[in-house]
Structures are given as C-alpha cells and as structure tokens.
Amino acid sequence: MPLPLATGHIVSLPDAAAHHAMKVLRLRCDDELVLFDGSGGEYAARIVDAGRQFRVMLNEWREPQREAPLSLTLVQGLPSGDKMDWVVQKAVELGAAAIQPVQAKRSVVRLAGERAEKRAAHWQQVAVAACEQSGRNRIPEVHAILDLPHYLAQLIEVGGAGGAGGAGEATESAPRLLLSPHHGVRLNALPRPSGSVTLLIGPEGGLEEGEESMARAAGFQAVSLGPRVLRTETAGLAAIAAVMTLWGDF
C-alpha cells in the first residue's frame, strides 16, 4: 500500500485495493486482512467500514521472513505476446528479488519510449499482485527495459563497482548464469553461492552467438537444465526453481 502505516491508525484503502477487497475477496465489515507497504513487515488489520471509503484499523505489526536467503535477479529476454506477465508473476512467487527485462536481437517484441515505460510500470503492478497472492511483503523491482548489449556493457564497464539490475563483478559467491540449451555445466556442479545470483534467459530462438560472447565477457557462465529445450517463458522459471532448491529455501 502506498500509504504511511502505523499501529492503531484507521486508513482508507486506495481505490484499486478497495475494489480487490470488495469485489474479488468479498470482504465485509469486521473481516480481517493483512496490509503491507512493500518495505518489509505487515499489519494485521480489521475492516471497520466496507462502504465507499473502505476503511481498516491497523492492529498488530508483524515481521515474518518470506524472502529467499539468496538474492536472485532474473534477466529475461522479452518474449512475444503477454508472456512477460506470466514470467514476472511466477518469478515473484518463486522468490526472485529483481527482474531486468532486456531486448535481444531475436526478441519479437520491440518497445521504446513511452510504450516501454508503460509496460515496465504494468509489470511492476503484476509484481505487486504476485506479492499479495504469495504473502511476500517486499516487492521486487522490475527494472526499465534495456537493450541486451546496453545491459551487458554496463556490467563490463562497472566491473566490481556494482550497479542496477545485477551489476557488479561475477564471483563464486555472486555468479552470473546464462541458460543454454546446447551446452553448459549442471547447476549442481557449481559451488554454492553466498551472495546473489543473476540468471540470463534469451528470448524465443535464444541469444545470437555475438550476444553469448558478450555475455561471457560480462562474466556469465553457461549452464544447462538438461537435454530438453525449454520455451523462454519456462526456462527462467525452471532455473529459479532449481536454484532455490539447491541454494535457496525450497
């Protein structure tokens, strides 16, 4: 919720949240619910007015830990159609800490300017809804869309200085992994990371050879999930689930 929250306060829900509570969840006066502002922690709350204002009383403050111990950034080549909505939703449910959409040479969808900004804002709202559904109270950031060469050049340029969308030097404790359908080591052959993981997934048709070479120059290591070729909207989610099973909290 984009509101200042504090125990004992009565707050009016924003229109979208009120509509969801009334029309989707069918909540009524005296029903209980949970509110969070995305920065961590949550409030147990009770509906005190289910009318036009839809007001709730904030009660107990709680700090449940639902974030994965491993900070994972999904760098997803833009898929066709509305598949990115699905990718963002499920990546958040699986525990991704951030999502970086990138446009590769084989990306069917090409977005720029205001259209790109609107799509990124839409995906951020998809992430918020996924947090509401899954119980997460820290909202992963969906970064602005970048061309893949621009994103990789940032990583190469900053080296160990860090930066947005998973920038910084690749190390054993913070590996960068490129999912490859043709070659690569198995995840369980890699040392256990202790910091963060960045997963790069190509669009339909995968990355071109030059893009893979640039990714390797930026510190990405090719990994494989097995002998079957996965669709782009499946590959990243399968990789997140595998990483969380091996090194996270699954």
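The values are calculated or read from the model by the stated rules, or taken from the named source; none is laboratory data. The structure presented is a predicted model; accordingly, all values stated were derived computationally and were not measured. Backbone-built Cβ (ideal geometry, glycine too); neighbour counts: all protein chains shown.
Key figures for this structure:
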read-out	value
In region 80-130, the residues that are more than 24 Å from GLY210 (Cβ to Cβ), surrounded by fewer than 16 Cβ atoms within 10 Å (Cβ to Cβ) and either of a type in the set (Ser, Thr, Tyr) or touching a residue at least 60 places away in the same chain (Cβ under 8 Å) (or both)	TRP86
Unmet requirement for ARG52, which otherwise passes all of (1) outside any helix (DSSP H, G or I); (2) touching an Asp or Glu at 6+ places or on another chain (Cβ under 6 Å)	(2)
Counted residues, region 1-56 - those being among the charged types (D, E, K, R), modelled with pLDDT under 80 and either touching a Leu at 6+ places or on another chain (Cβ under 9 Å) or assigned by TED's automatic domain parsing to the domain that holds PRO140 (or both)	1
Residue in region 186-204 that is of a type in the set (Asp, Glu), assigned to a loop (DSSP other than H, G, I, E, B) and surrounded by fewer than 16 Cβ atoms within 10 Å (Cβ to Cβ) present	no
Residue check, PRO149 at pLDDT 95 or above and more than 17 Å from the chain's Cα centre (by Cα)	yes
Failed criterion for ALA127 (all others in (1) of a type in the set (Gly, Ala, Ser); (2) part of a helix (DSSP H, G or I); (3) closer than 21 Å to GLY206 by Cβ hold)	(3)
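One line per residue, one yes/no per condition, for (1) farther than 24 Å from GLN65 by Cβ; (2) at pLDDT 95 or above:
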| residue | (1), (2) |
| --- | --- |
| VAL185 | yes, no |
| ALA189 | yes, no |
| VAL197 | no, yes |
| GLY206 | yes, no |
| ALA215 | yes, yes |
| LEU225 | yes, no |
| ALA242 | no, yes |
